[in-house]
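Report on the structure given below.
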Amino acid sequence: MPFDGTEIFDYEDLFRQLEQDGQCEWVQSLRSACHKALESQRHGSLPKWLQLLNRFPASPSPSWHITSGRVVVPGEATCKSEASAEPTDLAGLLQQLHPWRKGPFEIGSVTIDTEWRSDLKWNRIADAVEWRDRSVLDVGCGNGYFGWRMLDAGARSVTGLDPFLLFVMQHKLVRRLAGHAENYVLPLTDACLVPRLNAFDIAVSMGVLYHRTDPVDHLQMLRESLRAGGQLVLETLIVDSEQTTVLVPRDRYAKMRNVWFIPSLSMLALWLKRTGFYHINNVDVTPTTSNEQRRTDWMTFESLDDFLDSNDSSQTVEGYPAPLRAVVTARLP
């Protein structure tokens with residue numbers, strides 16, 4: 001029988017909570033989708049990652065906090081004998097989950113300096129909505145860093161979606177060390193959302209919209225995930241233009257092949273209005289710099305400096321405007 005990781009990725013507390021909120025039918029489809037995503041034959045590294053996870057004792061009680069933007073958890077690993085060829089030091093164990101893209105984290109004595117200084121992005125969205133006692137959907141959440149910040153800001157629960165199992169594993173490790181917390185990352189995309197879900201108070205989509213071949217469909221799914229009066233937090237690439245326009249890359253944008261549509265703010269507002277959002281608020285516009293996105297010891301692949309023209313940092317290597325990101329909020333009636 002193939003190794004099955006679904007028992008370790010225990011989502012039953014979340015599923016019970018959703019069922020209590022009247023989402024029994026959706027929970028049934030989520031269980032099936034998660035089970036399929038976590039079958040070992042779908043990812044050859046999954047058994048190795050699960051063995052790594054089991055070297056870290058689960059905290060019996062909540063044991064995490066935020067310090068200087070870092071999510072801090074204890075990190076005592078149960079090391080194997082000296083005869084083992086596997087790394088026994090904490091940093092070596094954590095490096096087995098490379099690359100770490102969102103953070104930073106502090107696990108035991110090790111600070112994980114992630115590719116993205118996600119604490120800077122959090123500072124731009126922290127006061128954009130009221131998080132306290134809200135249920136949050138975070139689409140494309142990566143390893144769940146922002147979920148910890150949302151809980152720290154008072155959110156009741158955070159349900160994250162991300163299809164990349166490495167990032168799901170990073171989250172599971174942090175959550176295991178942090179103790180029980182209402183911060184979950186499911187190994188799924190927003191395709192798991194169903195029409196007229198009406199389940200969440202806040203829907204968050206950061207760095208996702210421009211990866212969608214149909215951005216309006218993505219916004220529609222987010223709208224239908226919200227309860228009446230719910231709020232959207234949207235962070236995306238934009239083009240700096242006063243016109244209602246959209247950039248469609250010919251092939252790649254900043255070496256990314258899966259970038260389809262980069263709207264101006266007015267085009268983004270039009271998309272939001274067409275999908276039923278109101279009270280659209282432009283919270284922030286910030287160019288991405290190497291202070292926020294860069295190569296580190298915890299993400300050694302190419303990063304922002306490699307995506308920009310070496311002679312003109314205002315342009316990507318393809319000649320498009322360099323990344324400019326906006327945070328926009330909107331509400332339902």
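Overview of values
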{"quantity": "Set of lysines near LYS172 by C-alpha distance (under 25 Å), chain-local residues within fewer than 8 positions excluded", "calculated": "LYS36, LYS48, LYS80, LYS102, LYS121"}
{"quantity": "Electrostatic dipole magnitude of the chain [Cβ: Lys, Arg +1; Asp, Glu -1; Cα centre; debye, to 20]", "calculated": "440"}
{"quantity": "Net charge of Cβ neighbours under 15 Å - reference VAL216; Lys, Arg +1; Asp, Glu -1", "calculated": "0"}
{"quantity": "Antiparallel %, DSSP beta bridges [both residues in the stretch 12-331], to 5", "calculated": "55"}
{"quantity": "Set of the stretch 181-197 residues, backbone N closer than 18 Å to the point 7 Å along the Cα-Cβ line of LYS36", "calculated": "186-195"}
{"quantity": "For the chain: rounded, prolate or oblate by the Cα gyration tensor [a/c cutoff 1.5]", "calculated": "oblate"}
{"quantity": "Difference of contour (0.36 nm per residue) and Cα-Cα distance, ARG124 to GLU318", "calculated": "67.0 nm"}
{"quantity": "Amide hydrogen neighbours beyond the local backbone of SER63, cut-off 5 Å, H modeled", "calculated": "GLY179"}
{"quantity": "Taking HIS180, HIS218, HIS171 and counting other C-beta atoms within 10 Å, the order from fewest to most", "calculated": "HIS180, HIS218, HIS171"}
{"quantity": "Per-residue ³J(HN,Hα) for the stretch 191-206, Karplus 6.51 cos²θ - 1.76 cosθ + 1.60, θ = phi - 60°, Hz, x for Gly and Pro", "calculated": "5, 6, 6, 10, x, 6, 5, 6, 10, 10, 7, 9, 10, 10, 9, 10"}
{"quantity": "Summed residue charge, Cβ within 15 Å of THR288's Cβ, Lys/Arg positive, Asp/Glu negative", "calculated": "-1"}
{"quantity": "Cα gyration tensor category, rounded, prolate or oblate, for the stretch 152-199 with a/c compared to 1.5", "calculated": "oblate"}
{"quantity": "In Hz, Karplus ³J(HN,Hα) per residue of the stretch 50-58 (6.51, -1.76, 1.60; θ = phi - 60°; x = Gly, Pro)", "calculated": "5, 4, 4, 4, 6, 7, 10, x, 6"}
{"quantity": "Gain upon complete extension [SER29, THR244; 0.36 nm per residue less C-alpha separation]", "calculated": "73.5 nm"}
{"quantity": "Whether the stretch 187-253 is rounded, prolate or oblate, judged on the alpha carbon gyration tensor where a/c under 1.5 counts as rounded", "calculated": "prolate"}
{"quantity": "ASP133-THR300 FRET efficiency (beta carbon distance; Förster radius 41 Å; 0.05 resolution)", "calculated": "0.50"}
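Every number here is computed from the coordinates shown, using simple stated rules; none is lab data. Note that this is a predicted model, so its numbers are computed, not measured. Methodologically, a virtual Cβ is constructed for each residue, glycine included, from the backbone with ideal geometry; neighbour enumeration extends over all protein chains shown.
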